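Please read the structure below before turning to the comments.
The values are calculated or read from the model by the stated rules, or taken from the named source; none is laboratory data. Because the structure is a prediction, the values reported are computed rather than measured. Using ideal geometry, Cβ is built from the backbone for each residue, glycine included, and neighbour counts are taken over all protein chains shown.
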Amino acid sequence: MTYCVGMMIDKGLVLMSDTRTNSGVDNISVFRKMFHWHVPGERIITVMTAGNLATTQAVVSMLEERKKTPSERENSLLDAPTMFQVATEIGKLVRDTINERQSANGPSGKGKFTASIIVAGQIAGMEPRLFMVYPEGNFIEASHDTPFFQIGETKYGRPILLRAYDKGMSFEDAVKLLMVSFDSTLKANLSVGLPLDMMVIERDRFEPAHERRVSADDPYFQQISSNWGDALKSAFHSLPEYSFKDK
């Protein structure tokens, strides 16, 4: 499994992904799930992947190939005039790749190929945009009502995002919020694991404003995890006492 979050705030975009993949409890590996491309002063595009590893790696590899050989075919990342068209092309790649793998596997083949991708970025002269691409190739876009997307193991980290998100928050607070969301998920599900990859995309900057890999021995993440646990216990004990006696 995996866990990835893309979040929009007034200042730009904040992204975080884990790196764990597993095929059973005895086959656990670390693979990067966040990838980005940028043209200084013109555009920055980041994708985060979840689902069948071979499928998501194939999609990312094809995007890389288009970047290396733009003269042979249209480069959906560096030539597309809008982020909407970037998401459209990535959606087509996801759909076609899944269909090809499923067809090659045959109707009696075991397993189901699937992939979900968060696409985030900005092109000069336009607003930062955030999309979630489904395995079928269609997608939805983040909005004021839905300012963040999650893929993978979403349920454990979602409540903190819903309660604490503020579109006017600083990048630093947004990173802290995502770290709490990931800590909650890590505590509840062994299929999500460290290290974490993080990226901050500042509006109109067109290059990563901040990148970081958060490892298990990262002192800030350890402090966040410990303090959040203590804060939850303190909040619980501060709630009104329940009594079995009639009032």
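In region 1-60, of all residues being in a loop (DSSP other than H, G, I, E, B) and among the aliphatic types (A, V, I, L, M), the one that is farthest from Gly121 (Cα to Cα) corresponds to Val25.
Sub-9 Å Cβ pairs linking a first residue in region 228-247 that is within 26 Å of Gly157 (Cα to Cα) to a second residue that is assigned to a helix (DSSP H, G or I), at least 6 apart or interchain, are Trp228/Ile160; Trp228/Met179; Trp228/Val180; Trp228/Asp183; Trp228/Ser184; Gly229/Asp183; Gly229/Lys187, ordered by first then second residue.
Residue-wise test of (1) under 20 Å from Leu15 (Cβ atoms); (2) in contact (Cβ under 8 Å) with a residue 40 or more places away in the chain; (3) not β-branched (Val, Ile, Thr).
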site	(1), (2), (3)
Lys92	no, yes, yes
Asn105	no, no, yes
Ile118	yes, yes, no
Ser143	yes, no, yes
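Could you check region 77-128 and list, in sequence order, the residues that are surrounded by fewer than 20 Cβ atoms within 10 Å (Cβ to Cβ), under 30 Å from Gly41 (Cβ atoms) and among the small types (Gly, Ala, Ser)? Matches in region 77-128: Ala80, Ala124, Gly125. Restricting attention to region 133-167 and to residues that are in contact with a helix residue (DSSP H, G or I) (Cβ under 7 Å, 6 or more places away or on another chain) and of a type in the set (A, V, I, L, M), the residue that is surrounded by the fewest Cβ atoms within 10 Å (Cβ to Cβ) turns out to be Ala164.
Ala174 falls short of the stated requirement of being buried (at least 17 other Cβ atoms within 10 Å of the Cβ), touching a strand residue (DSSP E or B) at 6+ places or on another chain (Cβ under 6 Å), among the small types (Gly, Ala, Ser) and assigned to a strand (DSSP E or B).
Just one residue in the set Arg212, Arg203 is free of Cβ contacts under 8 Å to residues at least 24 places away in the same chain, farther than 29 Å from Arg95 by Cβ and surrounded by 14 or more Cβ atoms within 10 Å (Cβ to Cβ); that residue is Arg212. Take the conditions (1) modelled with pLDDT of 95 or more; (2) touching an Asp or Glu at 6+ places or on another chain (Cβ under 9 Å); (3) crowded, with 17+ Cβ neighbours inside 10 Å; (4) not acidic (Asp, Glu); Met8 misses just one of them, which is (2).
Every listed requirement among (1) over 18 Å from Arg129 (Cα atoms); (2) modelled with pLDDT of 95 or more; (3) more than 16 Å from the chain's Cα centre (by Cα) is met by Asn189 save one, (2).
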